[in-house]
Amino acid sequence: MTTMKRFSGFNLIGEAFRSHQGWPEHWPDKAPKASYDAIIVGAGGHGLGAAYYLAKKYGITNVALIEKGWLGGGNTGRNTTIIRSNYLYDESAHLYDHAVKLWDGLSQELNYNIMYSKRGVLMLAHNVHDVQSFKRHIHANRLNGVDNEWLTPEECKAYCPPLDISPRTRHPVLGGALQRRGGTARHDSVAWGYARAASALGVDIIQNCAVTGIRRGADGAIEGVETERGFIASRRVGVSAAGSTSLVMKMAGLDFPLESYPLQALVSEPVKPIFPCVVMSNTVHAYMSQSDKGELVIGAGTDQYTSYSQRGAFHIVEHTLAAICEIFPIFTRMRMLRTWGGIVDVTPDRSPILGKTPVKGLYVNCGWGTGGFKATPGAGDLLAYTMAHDEPHKINAPYNLDRFRNGRLIDEAAAAAVAH
Amino acid sequence: MLLIHCPYCEEARPEVEFAYGGEAHIARPVDPSTYSDEQWEEFLYIRSNPRGRHHERWRHAHGCGRFFNAVRDTVTDVFETTYKAGEARK
């Protein structure tokens, strides 16, 4: 266990008198031990969260977190940082709202500013179908205790002034659904905050250590993982490897209902604050927010083909920017600075798989597709719960693998396509 | 943007002319009524999703309109070959 120096006004003043030389590293880079009580594969936000909650809430502190690259270097550092929970179905509302509840207060819990900003997520309705669909979502959300409210075009304009609500636009705004608790958080801080807090509780964070095999005993149960740095024994292994999950599962002899696609995002040059919230338009395939640094953060769609290349096609970006320019003509002359891609693992029903696998001692958290960031604390907590109890929590029980066999899919349209 | 060689038109054309059709060589059930839940799961949902050589279907939607198969490396996105529907797996 390492000592974590808390961030506080008192410590800040103390360090100011000695040129801030006394701050320890956030987390030490560890070499793997021979065995652990639990191993998490994948140090993205979800895996880091799972390691933290295993140690914090479920009393398992002898935990290794194994990462092929560096922590938070995959989709955790590549997403558009949007948080919301206004999903249609009961199972989805419970799952995503569990995460939103944990986002609240996470900065205080981790003693690390993750910059959760409840600036609101506004989803625009451009046609009669959108209006009916969003109102159905709003009513379903209310029954599940999830905030989501209908705004008239004028109220949309008041909430997000850059919107053009005149009826002459190509995609007229007929109203919008607003989740006020929705917003954004600083994705890197989430990874760093969890890593620092987990490390302080005794979790070994082992980076640059790819898993090369999964060892199963004569009875089929998990015995540990083979890695680039040798065999590490454990009776409990949780895999949270996003786009690479099907590769890891194949090592255990399991074929998964997953396909990996590139998903792109891009940012503009930084400008002064102009865009106060998150705006999404599912119909024209665009969503945007403004980072605290001033960049417009824009999410594009997935490419049509599967790939592990971590880059997508240019015409996908062009399509998204065309939609942005149509809704927000004021941004037509903004310059885009960077584009990038991440590899997202997509399930047939666009809902995640979070729970046990047919292999004893092997647990999985995957299939978050294009919208996993918002679920980071919830997914971490539920994976940790499932690993600690060898049973899923009632929130993630419906997200089992069996649903692809018994047909009880969670066909969440709100999770599909671009709306993240 | 991929450049894809259509084996019918015998030309390399930009990706926007094509529609991706998912993994190739997944045979439809010959006698569906005898299929178990496991077999349906396998047929409908389980995909190989490899890192490397991937057999996949494409349709030249804005060209000849025909389906064909391709082998593409999913790490580099480079096409190894494309071949007509009905030809043996390459």
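The values are calculated or read from the model by the stated rules, or taken from the named source; none is laboratory data. Small disclaimer: the values here were computed from a predicted structure and weren't measured. Cβ placement follows ideal geometry from the backbone for every residue including glycine, while neighbour counts extend to all protein chains displayed. Only protein heavy atoms, including side chains, enter the accessible area calculation; ligands, DNA and RNA are left aside. Shrake-Rupley method; radii C 1.70, N 1.55, O 1.52, S 1.80 Å.
What share of Cα pairs, in percent, lie more than 12 angstrom apart in the stretch B:22-73?
On the way: 929 of 1326 pairs.
Tail fraction, whole percent: 70.
Taking the average, over residues, of other Cβ atoms within 10 Å as the packing measure, peptides B:52-64, A:35-47 rank A:35-47, B:52-64 from highest down. Surface exposure of the stretch B:1-66, expressed per residue as accessible area with a 1.4 Å probe, stands at 58 Å². Among the helices of chain A, those built from whole DSSP H runs whose Cα atoms reach 15 Å or more along their own axis and whose mean Kyte-Doolittle hydropathy is at least 0.5 are A:314-327.
Give the relative contact order (percent, whole number) for the stretch A:224-357; include only Cα pairs under 8 Å separated by 6+ residues. Please report the intermediate quantities before stating the final value.
Values: 217 pairs, mean separation 39.5, N = 134.
Reported relative contact order: 29 percent.
Roughly what percent of Cα-Cα pairs across the stretch A:234-295 reach past 19 Å?
Of all Cα-Cα pairs in the stretch A:234-295, 57 percent lie more than 19 Å apart.
Tell me the total accessible area that B and A bury against each other, 1.4 angstrom probe, in square angstrom rounded to 100. Let's see the in-between values first.
On the way: alone 6160 and 17810 Å², together 21800 Å².
What B and A bury together is about 2200 Å².
Here the accessible area is traced with a 1.4 Å probe on the protein chains. For the stretch A:220-326, carbon and sulfur cover 53 percent of it.
Over chain B, the pair-distance histogram of Cα-Cα distances with 5 Å bins from zero comes to 3, 13, 23, 21, 17, 12, 7, 4, 1 percent, rounded to whole numbers.
Legend: distances between Cα atoms for A:Lys68/B:Lys84; A:Lys360/A:Lys394; A:Lys5/A:Lys57; pairs beyond 28 Å are A:Lys68/B:Lys84. Placing unit charges on the Cβ atoms only, positive for Lys and Arg and negative for Asp and Glu, gives chain A a dipole magnitude near 480 debye about its Cα centre. Taking one quarter of the surface of the C-alpha convex hull of the stretch A:338-395 gives a mean projected area of 5.0 nm².
Can you tally the net charge around A:Glu269? Count Lys and Arg as +1, Asp and Glu as -1, for every other residue whose Cβ sits under 13 Å from the Cβ of A:Glu269. Cβ neighbours under 13 Å give a net charge of +4. A convex hull fitted to the Cα coordinates of the stretch A:33-186 yields 145 cubic angstrom per residue. Mean partner shielding of peptide B:49-60, defined as the number of other chain Cβ atoms within 10 Å of each residue Cβ, is 4.
In the neighborhood of A:Ile83, defined by Cβ-to-Cβ distances under 9 Å, what is the net charge if each Lys or Arg adds +1 and each Asp or Glu adds -1?
Computed value for this residue: +4.
Mind checking the log10 I(q)/I(0) for the stretch A:151-199 at q = 0.30 Å⁻¹? Debye, one equal scatterer per Cα, no solvent, two decimals. Log10 I(q)/I(0), no solvent term: -1.08. Once divided by 2.2 N^0.38 Å, the Cα radius of gyration of the stretch A:171-237 becomes 1.92. Computed over neighbours whose Cβ is under 14 Å from that of A:Thr347, the net charge equals -4, Lys and Arg +1, Asp and Glu -1. Here the sum of -39500 (n - 2.57) over DSSP H runs of 4 or more residues, divided by the residues of chain B, equals -2500 deg cm²/dmol at 222 nm, to the nearest 500. Once the C-beta distance of A:Arg408 and A:Arg333 is scaled by a Förster radius of 41 Å, the resulting FRET efficiency is 0.25 to the nearest 0.05. Taking all C-alpha pairs of the stretch A:182-322, those more than 22 Å from each other amount to 60 percent. Over all pairs of different C-alpha atoms, the stretch A:20-104 has a mean inverse distance whose reciprocal, the Kirkwood radius, equals 15.2 Å. Averaging over every viewing direction, what projected area does the convex hull of the Cα atoms of the stretch B:1-49 cover, in nm²? Approximately 5.0 nm², given one-decimal rounding. Residue farthest toward the positive end of the dipole of chain B, with Cβ of Lys/Arg at +1 and Asp/Glu at -1: which of B:Cys9, B:Gly86, B:Pro50? Ranked along the dipole, the leading option is B:Cys9. Rg of the Cα atoms in the stretch A:56-147, relative to 2.2 N^0.38 Å, amounts to 1.40.
Taking the square roots of five times each eigenvalue of the Cα gyration tensor of the stretch A:261-420, the equivalent ellipsoid has semi-axes of 34, 16, 14 Å, listed largest first. Over the C-alpha atoms of chain A, the Rg to Rh ratio, Rh being the Kirkwood estimate, stands at 0.98.
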